[in-house]
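Note sheet for the following structure.
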Amino acid sequence: QVQLVESGGGLVQPGGSLRLSCAASGTIFSINAMGWYRQAPGKQRELVAVITSGGSATYADSVLGRFTISRDNAKNTVYLQMDLLKLEDTAVYYCQAGIRRVGSLAHYNYWGQGTQVTVSS
């Protein structure tokens, strides 16, 4: 059994900051890439940022320079620091990780349950 549990969402004013966390737990052998996606009402889920096990990060153009993804491999946790938030950042944010379970030979994608981020004045 593997779980991804997100935390840190909430309501913030434009220009404000939030920090999301996502912790993976269970019978984990290894984790490769971890990432954050978001889905706004009426829109498709989109990639926000992804980070490899070695720490290389990639960002969507819309968040470049405002969001920072990081991870703590010892804690199986990925973070998303969101600064200079805009109204259009409002969405449900989902954590994703490629996890190889103990006894498995492959990595599979796992998803968190999502956390709401609302940017509003």
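Nearest 5 is fine: what % of DSSP beta bridges in the chain come out antiparallel, could you say?
Taking every DSSP beta bridge within the chain, about 95 percent pair in antiparallel fashion.
Where does the charge balance sit around ARG19 when Lys and Arg score +1, Asp and Glu -1, over other residues with C-beta under 12 Å from its C-beta?
Local net charge: -2.
Taking Rh as the Kirkwood radius computed over C-alpha pairs, what is the Stokes-Einstein D of the range 7-53 at 37 °C in a medium of viscosity 0.692 mPa s, expressed in µm² per second?
For these conditions, the coefficient is 247 µm²/s.
Roughly how many percent of the accessible protein surface of the chain is carbon and sulfur, given a 1.4 Å probe and a whole-percent answer?
50 percent
The values are calculated or read from the model by the stated rules, or taken from the named source; none is laboratory data. Please read these numbers as outputs of a predicted model, since none were measured by experiment. Don't worry about glycine lacking a Cβ; one is built from the backbone with ideal geometry, like all the others, and counts go over all protein chains shown. Each accessible area value is taken on the protein alone, full model and side chains, heavy atoms only, with ligands, DNA and RNA left out. Shrake-Rupley method; radii C 1.70, N 1.55, O 1.52, S 1.80 Å.
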